[in-house]
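Novice: Below you'll find the structure I mean.
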Amino acid sequence: MRGASNPILLGRYRVCQTSPLEATTHDIHETPWRACKSSGRTLSTNREFGPTMRLLNWGWGLGDCWHCGQTLSPNEVAGICPPCRWSWPTFVDGSSARMLGRERAGCDVYGLGFRLREGTHEVLHRTKYGGFPSRGRALGRWMAQGWKAPPKGTVLVPVPLHWRRRWRRGFNPPQAIAEGLASAWNCELRTDLLERVAHRASLTASSRAERQTSLGRAYACRARPGRAYSVVLVDDVLTTGATFQVCTGVLESAGMTVLGGAWLAMA
């Protein structure tokens with residue numbers, strides 16, 4: 001097996017770590033642990049280890065992938081194993097992804113995670129309603145790996161929830177995502193600049209016009225007068241861009257400069 005060092009014998013499997021000098025970028029970021037039988041055939045740690053990987057998993061305390069049910073390895077993201085994550089229709093920083101986001105939101109794009117499809121709908125739903133902000137933080141860190149950080153001095157501002165909805169969910173999903181992005185990009189996070197002041201029904205199935213009408217006076221800026229920031233707005237999903245446009249108008253009317261936005265998912 002290429003680049004193997006210090007094999008650990010566990011039953012009929014040999015677990016070994018890829019040598020940093022010989023590993024490719026894909027090996028380092030996605031599959032740092034390999035396994036092979038005595039014949040040398042490479043196996044997936046998530047698919048074929050069975051009791052051996054479950055014994056290791058018990059020591060790691062990672063649990064099972066909530067999408068496929070297989071045992072997790074240390075390079076999981078938000079409880080999702082690498083094979084399931086590789087099936088996501090993801091975006092990476094580039095002209096195509098930036099152009100697509102600009103057409104939808106009408107602004108510069110600083111981060112897009114994945115398209116909403118059959119598998120990723122569940123990821124977004126668990127991120128928003130699962131009650132675990134750590135999943136949003138992990139997905140924010142994962143997304144930051146594929147996108148260039150905003151200019152130095154930029155602050156990340158998550159789109160806020162109304163206090164009633166935040167109380168029901170226990171946390172604000174965009175804030176959890178922004179916390180992950182901020183830690184990976186080394187950016188300042190500000191949750192006190194924008195406030196949701198009006199409670200509205202869910203706008204998941206609404207059109208752009210209906211969203212803009214409903215959100216017209218839903219947000220307010222709470223920044224101190226005279227303080228100007230360069231802002232990147234962070235939200236969980238980009239649908240029509242109406243929420244971004246309304247929040248941008250509120251912040252810019254208070255003297256802020258909104259550079260663009262970052263979203264975990266795009267419908």
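Values quoted throughout were computed directly from the atomic coordinates according to the rules given, and no laboratory measurement underlies them. The model shown is predicted, which means the values in this text are computed figures rather than measured ones. Methodologically, a virtual Cβ is constructed for each residue, glycine included, from the backbone with ideal geometry; neighbour enumeration extends over all protein chains shown.
Novice: Could you work out how much longer the chain between residue 148 and residue 171 gets when fully extended? Use 0.36 nm per residue separation minus the Cα distance between them, nm to one decimal.
Specialist: Numbers: separation 23, 0.36 × 23 = 8.28 nm, distance 2.70 nm.
That works out to 5.6 nm of additional length.
Novice: With r as the distance between the Cβ atoms of residue 87 and residue 195 and R0 = 25 Å, compute the FRET efficiency 1/(1 + (r/R0)^6) and round to 0.05.
Specialist: Numbers: r = 38 Å, r/R0 = 1.51.
With R0 = 25 Å, the Cβ-Cβ based efficiency is 0.10.
Novice: Can you bin every Cα-Cα distance in region 95-266 into 10 Å intervals starting at zero and give me the percent of pairs per bin, rounded to whole numbers?
Specialist: Per 10 Å bin, starting at zero, the Cα-Cα P(r) for region 95-266 comes out as 11, 41, 40, 8, 0 percent.
Novice: How large is ³J(HN,Hα) for each residue in region 175-182, as worked out from phi by the Karplus curve 6.51 cos²θ - 1.76 cosθ + 1.60 (θ = phi - 60°), to whole Hz, x for Gly and Pro?
Specialist: 5, 4, 5, 5, 5, x, 5, 4
Novice: Please arrange 107, 187 by counting, for each residue, the other beta carbons lying within 10 Å of its beta carbon, fewest first.
Specialist: Final ranking by Cβ density, sparse to dense: 107, 187.
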